[in-house]
Amino acid sequence: MVRNRPLLPEILQGRAAAEPANRAYVFLTEHGEEEAVLTYGELHARALAVARQLSRGCKPGDRALLLFPQGLDFIVAYFGCLYAQVIAVPVNPPRKNRMQDATRNIVKDCAPSAVLTLSAMLESTRESLEPICGALRWFPVDQVVDAVDTDFDPQPCSADSVAFLQYTSGSTSDPKGVMVSHRNLVANQEMIQQAFGHDQHSTFVGWAPLFHDQGLIGNVLQPLYLGATSILMSPMAFIRWPLLWLSAISRYRAHTSGGPNFAFDACVARAARGDLPDLDLSCWKVAFNGAEPIRPETLRRFSESFASVGFSAQALYPCYGLAEATLLVTGSEKGRGPRTIDADTGELGHKRYVKAPSGRGRTLVGSGLVRPETSVRIVDPETGRSCPANQVGEIWVAGEHVAQGYWRRPEVTAEAFQAECDGEIGPTYLRTGDLGLVVDGELYIVGRLKDLLIIRGRNHYPHDIEHTSQSAHPALRPGGCAAFSVPGADGEKLVVVQEIKREERLKVDATDVAASIRAAITREHQLSVSDLVLTLPGRLQKTSSGKIMRTAARRRYLEAGFDLWAPRTQSVA
């Protein structure tokens, strides 16, 4: 039980007292050089100073926006909020002085009293924010004077008080503020430690955005919970030089690092160019892969590409989680490697798992074992009854790590966080909205309930169609496809929006590309594409973890908003 464990503010205070000189966080430049370092003592002192300033203008329970580029000031601001018992709200910082629509929606929803940011960003963000929510208190964290002997004394907080709001990615709807309590945080940190086999010597390397749950919970809070060191870099540095990530793992002898599926593909693509740096990845024991559908071919190619520099396929660690459960729900076993099953595609369309001959069905990658600290049920979303073995249903989760609900949305909270299995007496469950099944104790993710396509009475999972599309021709951009349905005269119609690779757009014939996509989808899914939109790179919106925002793509399609690379092709059927 969490009541016997110290909460995160107490943990930081204890580490600052016992090991003040130990390095907590190191931030790297785009050249892999150390730009900034925070010891546990320095983090505690700076967080105290921020908390003192906050307490003069805010009261416990007020919300404070955290608007920062990737860097260590974000971490100082976050712990300053925890010390002051002000609810932190991490958000995506403006790009080129332009506030994203999702960020504007978050600001309106959480009604902040203050903004923590950098002095260089203060004026531009003030101009963007104050027209939305009125006058705010502004705290440039880089100008707050460190204070070891401050008169501010952090008061003990309740385990059930809200520590921060983690806004959802908005991949299927508008962002919602998940109320994560101190109890949720330490419960999930304990789960991660046990599931990943961590201790105080488990060095981390991470580049995920710190306002995202994977970056914050996994790469910032887990190392602090352990007393370990975390090496951080910016997402843009990874996007530009994916192998910089692997170089940092090699240099700092990282035990744990990972990211979404596309991160592993990006490394393989860059290594294929022949510019592989001097690496030794034998230290890498937990290479976690989560946040989007995990592709078996991605795992295979990554293992093969980096086996020569010491990477072991047994280090691959598929996992599953979501903000509503703080972060982790299921995870593999350290050193075991991934599990896969081959499922009959036709039976999956009827929400049943039937084993298919190897190579003749859809290969599903397991997302890990159900942990003893949590309860995972597969439930028929229409009846609320537990599914029999080998049937696909909605994933329901219960445990101390499941958050309290959505900020100021009682009706949606009741629907999502207080589900009960029909005919059973037991805990209430979180409805994840994800579809999956459990085979031999392993959770397999099949799709997303809201994204499920029902065409001519048969279920189809959009990420399977997207994978088929982007693999149909070498000129097509991986991770640049959205499949969805729209109403038609005879029922739902399939629409596919596919991005072209930037370097290929002037080299290939559009008719050939379109024909390849249509033929592949017909062959693999027995579906006719009603409307195929070939568009330019970067036109599909993605979440901060790289997920395609299909709802946004559908909305933009209906508004005829895509820039066409080639004339759209419609089915004659």
Quick one: count up the residues across the range 111-150 that are over 15 Å from ALA77 (Cα atoms), of a type in the set (A, V, I, L, M, F, W, C) and in contact with a helix residue (DSSP H, G or I) (Cβ under 9 Å, 6 or more places away or on another chain). 7
Mind checking whether some residue in the range 421-430 is buried (at least 19 other Cβ atoms within 10 Å of the Cβ), touching a residue at least 12 places away in the same chain (Cβ under 8 Å), under 30 Å from ALA269 (Cα atoms) and under 21 Å from the mean Cα position of the chain (by Cα)? no
With criteria (1) of a type in the set (D, E, K, R); (2) in a strand (DSSP E or B); (3) farther than 22 Å from HIS463 by Cβ, LYS507 comes up short on (2)
Name the single residue, out of those in the range 344-355 being more than 26 Å from the chain's Cα centre (by Cα) and not in a loop (DSSP other than H, G, I, E, B), that is nearest to ASP440 (Cα to Cα). LYS355
Determine if the range 436-452 includes at least one residue that is modelled with pLDDT of 90 or more and either more than 30 Å from GLY368 (Cβ to Cβ) or in contact with a helix residue (DSSP H, G or I) (Cβ under 6 Å, 6 or more places away or on another chain) (or both). no
Condition first: closer than 17 Å to TYR461 by Cα and among the charged types (D, E, K, R). Can you find one or more residues in the range 363-379 that meet it? no
Residues within the range 363-397 that are closer than 18 Å to MET191 by Cβ and free of Cβ contacts under 8 Å to residues at least 24 places away in the same chain, tallied: 1
Lone qualifier among VAL495, VAL529 - being crowded, with 19+ Cβ neighbours inside 10 Å, in contact with an Asp or Glu (Cβ under 7 Å, 6 or more places away or on another chain) and either touching a residue at least 60 places away in the same chain (Cβ under 8 Å) or in a loop (DSSP other than H, G, I, E, B) (or both): VAL495
All but one of (1) at positive phi; (2) within 21 Å of the chain's Cα centre (by Cα) hold for GLY206; state the number of the condition that does not hold. (1)
Across the range 448-480, what is the number of residues that are more than 20 Å from LEU534 (Cβ to Cβ) and free of Cβ contacts under 8 Å to residues at least 40 places away in the same chain? 4
Suppose we filter PRO260, PRO242 for residues that are under 26 Å from PRO293 (Cα atoms), under 23 Å from the mean Cα position of the chain (by Cα) and either small (Gly, Ala, Ser) or modelled with pLDDT of 95 or more (or both); which single one remains? PRO242
Looking at the range 183-238 only, could you name the residues that are among the small types (Gly, Ala, Ser), in a helix (DSSP H, G or I) and out of contact with any strand residue (DSSP E or B) (no Cβ under 6 Å at 6 or more places or on another chain)? ALA187, GLY215, GLY218, ALA237
All but one of (1) closer than 17 Å to ALA64 by Cβ; (2) under 29 Å from the mean Cα position of the chain (by Cα); (3) surrounded by fewer than 19 Cβ atoms within 10 Å (Cβ to Cβ); (4) touching a residue at least 24 places away in the same chain (Cβ under 8 Å) hold for LEU122, so report the exception by its number. (4)
Which condition number does ALA560 fail, the rest of (1) hydrophobic (A, V, I, L, M, F, W, C); (2) part of a strand (DSSP E or B); (3) closer than 25 Å to LYS450 by Cβ; (4) out of contact with any Asp or Glu (no Cβ under 6 Å at 6 or more places or on another chain) being met? (2)
Residues satisfying the stated conditions in the range 35-61, i.e. under 26 Å from the mean Cα position of the chain (by Cα) and acidic (Asp, Glu): GLU35
Sort out which residues of the range 244-290 are under 27 Å from GLN200 (Cα atoms), in contact with a Leu (Cβ under 7 Å, 6 or more places away or on another chain) and free of Cβ contacts under 8 Å to residues at least 60 places away in the same chain, and write them in order of number. ILE249, SER250, LEU279, LEU281, ALA287, ASN289
Positions within the range 467-486 being buried (at least 22 other Cβ atoms within 10 Å of the Cβ) and part of a loop (DSSP other than H, G, I, E, B), in sequence order: ALA472
A careful count of residues in the range 403-418 that are in contact (Cβ under 8 Å) with a residue 40 or more places away in the chain, farther than 18 Å from ASN184 by Cα and either of a type outside the set (A, V, I, L, M, F, W, C) or surrounded by 15 or more Cβ atoms within 10 Å (Cβ to Cβ) (or both) gives 2
Being more than 23 Å from SER303 (Cβ to Cβ) and either out of contact with any Cys (no Cβ under 9 Å at 6 or more places or on another chain) or not in a loop (DSSP other than H, G, I, E, B) (or both) is the requirement here; does GLU333 meet it? no
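Yes/no per residue for (1) crowded, with 20+ Cβ neighbours inside 10 Å; (2) under 17 Å from SER312 (Cβ atoms); (3) of a type in the set (Lys, Arg):
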residue: ARG240; (1), (2), (3): no, no, yes
residue: GLY258; (1), (2), (3): yes, yes, no
residue: ASN261; (1), (2), (3): yes, no, no
residue: PHE264; (1), (2), (3): yes, yes, no
residue: CYS267; (1), (2), (3): yes, yes, no
residue: GLY274; (1), (2), (3): no, no, no
residue: ASP280; (1), (2), (3): no, yes, no
residue: GLY290; (1), (2), (3): yes, no, no
Selection from the range 356-373 of residues closer than 30 Å to LEU165 by Cα and assigned to a strand (DSSP E or B) yields GLY366, SER367, GLY368, LEU369, VAL370
Find the residue count for the range 498-526, including only residues that are more than 29 Å from the chain's Cα centre (by Cα), free of Cβ contacts under 8 Å to residues at least 12 places away in the same chain and over 22 Å from TYR557 (Cβ atoms). 4
Within the range 149-171, residues of a type in the set (Gly, Ala, Ser), modelled with pLDDT under 95 and either surrounded by fewer than 20 Cβ atoms within 10 Å (Cβ to Cβ) or at positive phi (or both) come out as GLY170
Per the filter on the range 365-381, residues of a type in the set (A, V, I, L, M) and at pLDDT below 95 are VAL370
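The values are calculated or read from the model by the stated rules, or taken from the named source; none is laboratory data. Being a predicted model, the structure only gives us computed values, none of them experimental. Neighbour counts are summed over all protein chains in view; Cβ atoms, including those assigned to glycine, are modelled from backbone coordinates with ideal geometry.
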